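All remarks here apply to the structure that follows.
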Amino acid sequence: MEREEKGLGRILVVDDEESVARLLRDWLSSEGYEVRCANGYDQVREEMKTSPFDLVTLDIMMPGVDGLEVLRWLKERYPDVGVIMATAMGQLDSVLEAMRTGAINYLLKPFNMDLVSEEIKRGMERQRLIAENRAYQRELEQKVEERTAQLRQKVRELDGLDRLVHFQMGVHSLEEGYAEVLEVLQQVLDVQRAIIYRADEEMGVLKGVAAMGLSAPG
């Protein structure tokens, strides 16, 4: 069959039978995937800690901790990884349990390698779509956060302007006006320190007339 380009994704093959693991590793490597093997739960944990995988092919029946227990651990720790179960014909009840637990599909032993290739390809496409969806969601969330911040700033500006308009409608001293402006600046720009200068035309200099969070101007 026609080979795909290299660098298609990373796969962890989990099977306690070395010959089976080697068969899948060699075949999938020739397809262009980066493949690692593990013979049980302990090796799965070590491999998963080392670097992420796109797909895991997981034998249901293994000595010690069986495939279903490994699957539960994988879905708890790495919920986005795609898991494809490997099973003999007489283990279909376990396959149904695996699908309920989070496996995306299964492969029947003995393997039809062309079907293995097709299932892995579909699994990788699924993982690609999941990754794109995650990235799209992150982008949307970032845009929403940015837009929300802009709207909040606009509301503060409008509130500050409205406050100054209402203040001007009353009778207030110049000092009260300066204090009101400083409070509005704090509200709108979220500043903690500010100073207002006024031109002294006789002296030809700027003179501090009001301050917030600073020593008295003068």
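Rule-based calculations on the coordinates, nothing more; no lab input. Small disclaimer: the values here were computed from a predicted structure and weren't measured. Cβ placement follows ideal geometry from the backbone for every residue including glycine, while neighbour counts extend to all protein chains displayed.
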To make sure I understand the rule: partners must be aspartates and glutamates, Cα under 17 Å from the Cα of Lys75, and not fewer than 8 residues away in the same chain. Which ones qualify?
Asp42, Glu46, Glu47, Asp54, Asp59, Asp66, Glu97
List the residues whose amide H sits under 5 Å from the amide H of Cys37, counting only those 5 or more places along or on another chain, with H placed 1.01 Å from N in the peptide plane.
Val13
Hey, can you rank 176-185, 65-74 by average C-beta count inside 10 Å, highest first?
65-74, 176-185
Answer rounded, prolate or oblate for the range 15-108, using the Cα gyration tensor with square roots of eigenvalues a ≥ b ≥ c: rounded when a/c is under 1.5, else prolate when a/b is larger than b/c, else oblate.
rounded
Simple spin-label estimate for Arg45 and Arg147 in nanometres, 7 Å along Cα-Cβ
4.6
What number comes out for the charge environment of Leu74, summing +1 per Lys or Arg and -1 per Asp or Glu over other residues with Cβ under 12 Å away?
0
I need Val56, Val95, Val144 ordered by Cβ neighbour count within 10 Å, fewest first.
Val144, Val95, Val56
If the cut-off is a Cα-Cα distance under 16 Å, which aspartates and glutamates reach Lys207, setting aside same-chain residues fewer than 8 apart in sequence?
Glu175
May I ask you to derive the FRET efficiency for Glu17 and Glu125 from their Cβ-Cβ distance with R0 = 25 Å, giving the value to the nearest 0.05?
0.35
Based only on other Cβ atoms within 10 Å, what is the fewest-to-most ordering of Phe111, Phe53?
Phe111, Phe53
